[in-house]
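Below is one structure, written out as structure tokens; comments come after it.
The values are calculated or read from the model by the stated rules, or taken from the named source; none is laboratory data. This structure is a prediction, so every number in the text was calculated from the model and none was measured. Cβ atoms come from the backbone with ideal geometry, glycine included; neighbour counts cover every protein chain shown.
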């Protein structure tokens with residue numbers, strides 16, 4: 001079955017994204033249903049976005065679920081066979097959706113289909129052989145993984161590999177970072193295909209998903225979760241010992257830098273490296289990904 005406007009839902013997980021989400025939605029065909037999962041209890045956000053865009057249904061989580069859990073909620077709410085996951089700081093090229101539709105008619109066998117980032121310096125995919133240089137053209141090609149800010153799922157294919165008990169697509173132990181890599185790894189291990197469509201282009205603004213006034217708190221959260229997620233991902237797929245040995249040098253460096261910036265009085269950098277060290281420590285002792293940015297809902 002090929003993809004069309006009738007059997008595609010777009011899911012966007014947001015958190016304090018008022019300043020950026022409109023650009024994203026305006027780049028999407030208004031005939032396609034959009035589910036926005038807002039990781040707060042902001043009734044004002046819900047009212048404004050649903051009033052502005054008639055094809056949007058905004059669901060308030062009332063809690064900060066994170067990317068993976070928020071996307072799982074959106075995917076389960078979608079009634080279509082295909083779901084396109086987007087970050088709120090992604091802007092689609094005018095023909096991006098149509099190119100995905102066309103590609104799906106030629107490629108019947110895929111679990112994940114993805115557009116390509118228009119920034120060649122920051123590709124949104126990893127190749128099967130990372131030493132192989134691929135010159136981009138308009139021919140779809142198979143990859144090892146794609147970044148989570150834009151990925152289209154065939155739900156029927158993914159249901160074969162998801163957690164049968166909890167029915168989760170993304171591993172909800174990840175709050176942010178690497179939940180997409182984990183899903184892609186499971187897809188590849190199951191023998192399914194992940195395809196990039198070079199004729200379908202997107203612009204990822206990068207790091208703009210949350211309003212800039214929360215920048216400091218969000219930066220601390222990113223540092224904590226990046227380290228925690230790296231440890232958890234490595235432990236899940238390679239074992240505890242490899243995760244510990246891979247992350248310990250950065251943990252030790254973070255402790256040293258935290259002490260140094262404490263002495264020099266640079267509180268901002270002290271907090272940054274403390275967050276990194278704390279992320280590793282909590283992952284190493286088996287604590288869940290509990291850190292949340294200190295932002296009022």
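Across segment 274-292, the number of residues qualifying as part of a loop (DSSP other than H, G, I, E, B) and over 20 Å from the mean Cα position of the chain (by Cα) comes to 3. In the set 239, 254, 279, only one residue is on the phi > 0 side of the Ramachandran plot and not assigned by TED's automatic domain parsing to the domain that holds residue 104; that residue is 239. For segment 1-85, the strands (runs of 3 or more DSSP E) that sit wholly inside it and include 3 or more residues that are buried (at least 20 other Cβ atoms within 10 Å of the Cβ) are 8-14, 33-38. In this structure, is residue 11 under 16 Å from residue 97 (Cβ atoms) and assigned by TED's automatic domain parsing to the domain that holds residue 153? Yes; evaluated as a whole, the condition is true for this residue. Residues of segment 257-276 that are touching a helix residue (DSSP H, G or I) at 6+ places or on another chain (Cβ under 7 Å) and on the phi > 0 side of the Ramachandran plot: none at all.
Within segment 198-213, does at least one residue satisfy the condition of being surrounded by 15 or more Cβ atoms within 10 Å (Cβ to Cβ) and free of Cβ contacts under 8 Å to residues at least 40 places away in the same chain? No, every residue in segment 198-213 fails to be surrounded by 15 or more Cβ atoms within 10 Å (Cβ to Cβ) and free of Cβ contacts under 8 Å to residues at least 40 places away in the same chain. Only one of the numbered conditions (1) part of a helix (DSSP H, G or I); (2) modelled with pLDDT under 90 is not met by residue 163, and that is (1).
On inspection, residue 103 qualifies as crowded, with 23+ Cβ neighbours inside 10 Å, more than 22 Å from the chain's Cα centre (by Cα) and within 25 Å of residue 192 (Cβ to Cβ).
Matching residues to (1) surrounded by fewer than 17 Cβ atoms within 10 Å (Cβ to Cβ); (2) part of a helix (DSSP H, G or I):
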{"residue": "168", "(1), (2)": "no, no"}
{"residue": "188", "(1), (2)": "no, yes"}
{"residue": "228", "(1), (2)": "no, yes"}
{"residue": "235", "(1), (2)": "no, yes"}
{"residue": "241", "(1), (2)": "yes, yes"}
{"residue": "249", "(1), (2)": "yes, yes"}
{"residue": "256", "(1), (2)": "yes, yes"}
